[in-house]
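Read the figures in this text as sums done on the coordinates, not as results from a lab. Keep in mind the model is a prediction, meaning the values are calculated, not measured. Heads up, the Cβs are rebuilt from the backbone with ideal geometry, glycines too, and the neighbour counts pull from every protein chain shown.
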Amino acid sequence: MNYRSRGRYNAYREAQVSRGNMPDVIVSSTSAQCEVGIEIKHGGKGWTFRQLERALRKQLATDYLKPSTRRHGVLVITKHRIRRWRDPETKTLIAFDALIRRLDKFALTLVENDSGAIEVRCLGIDASLLKKSC
């Protein structure tokens, strides 16, 4: 990421923030005091819908966006094989794209933490499609 930045930003892995909480990646501007926290979850590790929702609310929005210079955050979930998640409301199984849509919709409701206004998003990377073409 730093190589492709052409000096516009810096990316850091596992930067320590308050009380030992560490986002996977911090991207900071080189021209202004602003940062983006990025948390990455491997979708094949057995994370439930509720656990991913909590990662958005507590881990990313509350803990990782605590510094006043870090007002934006992204939860990235990867998919590496066929997998479904149980919808906590309907108890039906949902696919990866539906999971990401639901979590991103929830992320858009997270607009403030103890440090002020924030913006949080959820993105998915379906790496299982890449394996078929290799």
**OP:** Highest first, please rank the peptides 97-105, 68-76 by the mean number of other Cβ atoms sitting within 10 Å of their residues.
**Re:** 68-76, 97-105
Original post:
Using Cα pairs under 8 angstrom and six or more residues apart, how large is the relative contact order of the stretch 40-118, in percent?
Top reply: 39
Original post:
Short version: ³J(HN,Hα) in whole Hz for each residue of the stretch 61-78, in order, from phi by Karplus 6.51 cos²θ - 1.76 cosθ + 1.60 (θ = phi - 60°), x for Gly and Pro, what are they?
Top reply: 5, 8, 7, 6, 9, 5, x, 5, 8, 10, 10, 10, x, 9, 9, 10, 10, 9
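Could you give the length gained by full extension between residue 80 and residue 98, i.e. 0.36 nm per residue of separation minus their alpha carbon distance, to one decimal place?
4.9 nm
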Subject >> Amide H contacts under 5 Å for residue 77, placed H, 5+ residues apart >> reply: 41, 123, 124, 125
